[in-house]
Amino acid sequence: MFKLIYAKSVAKDLRKIAPYNLTKIKEAIEDLVNFPNLAQIRSLKNHPIADYRLRIGNYRVLFDVNWKKKEIYILKIGHRKNIY
């Protein structure tokens, strides 16, 4: 089991998302505690912000993982056209 830690900027990112998408995104983020067992996770190569991304429809959640502490750092959430 992993612990989720949110960056301060994530709250601002969530305010920009429509309410009907928020529930799906929040549920998917809560499922991250079972990392790496999710099929929608991909490793990012040479990305300046994060090492992994979670795909939720047209939205992406960028995050890093600290394997020793069993922590997941949620860094950015946004629409796929704006996130990369």
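Set side by side, the residues ASP13, ASP31 differ, and just one is more than 9 Å from the chain's Cα centre (by Cα), of a type in the set (D, E, K, R) and crowded, with 16+ Cβ neighbours inside 10 Å, which is ASP13. Only one of the numbered conditions (1) farther than 15 Å from GLY78 by Cα; (2) buried (at least 16 other Cβ atoms within 10 Å of the Cβ); (3) out of contact with any Leu (no Cβ under 6 Å at 6 or more places or on another chain) is violated by ASN37, and that is (2). Remark: pairs (first residue in the range 24-36, within 19 Å of LYS70 (Cβ to Cβ) and assigned to a helix (DSSP H, G or I); second residue among the aromatic types (Phe, Trp, Tyr) and modelled with pLDDT of 90 or more; Cβ separation under 7 Å; 6+ apart in sequence or on different chains) = LEU32/PHE2; VAL33/PHE2. Of the residues TYR73, TYR52, the single one that is closer than 20 Å to MET1 by Cα and in contact with a Ser or Thr (Cβ under 9 Å, 6 or more places away or on another chain) is TYR52. A search for C-beta distances below 7 Å between a residue of the range 37-66 that is under 18 Å from VAL10 (Cα atoms) and any residue that is in a loop (DSSP other than H, G, I, E, B) and charged (D, E, K, R), counting only pairs 6+ apart in sequence or on different chains, returns ASP64/ASP51; VAL65/ASP51.
Restricting attention to the range 57-71, the residues that are part of a strand (DSSP E or B) and either over 9 Å from the mean Cα position of the chain (by Cα) or among the polar types (S, T, N, Q) (or both) total 4.
Could you tell me whether ASN82 is surrounded by 14 or more Cβ atoms within 10 Å (Cβ to Cβ) and not in a strand (DSSP E or B)? Against the criterion (surrounded by 14 or more Cβ atoms within 10 Å (Cβ to Cβ) and not in a strand (DSSP E or B)), ASN82 does not qualify.
The values are calculated or read from the model by the stated rules, or taken from the named source; none is laboratory data. Model, not experiment: these values are computed from the prediction. No Cβ is skipped: glycine too gets one built from the backbone with ideal geometry, and neighbour counts run over all protein chains shown.
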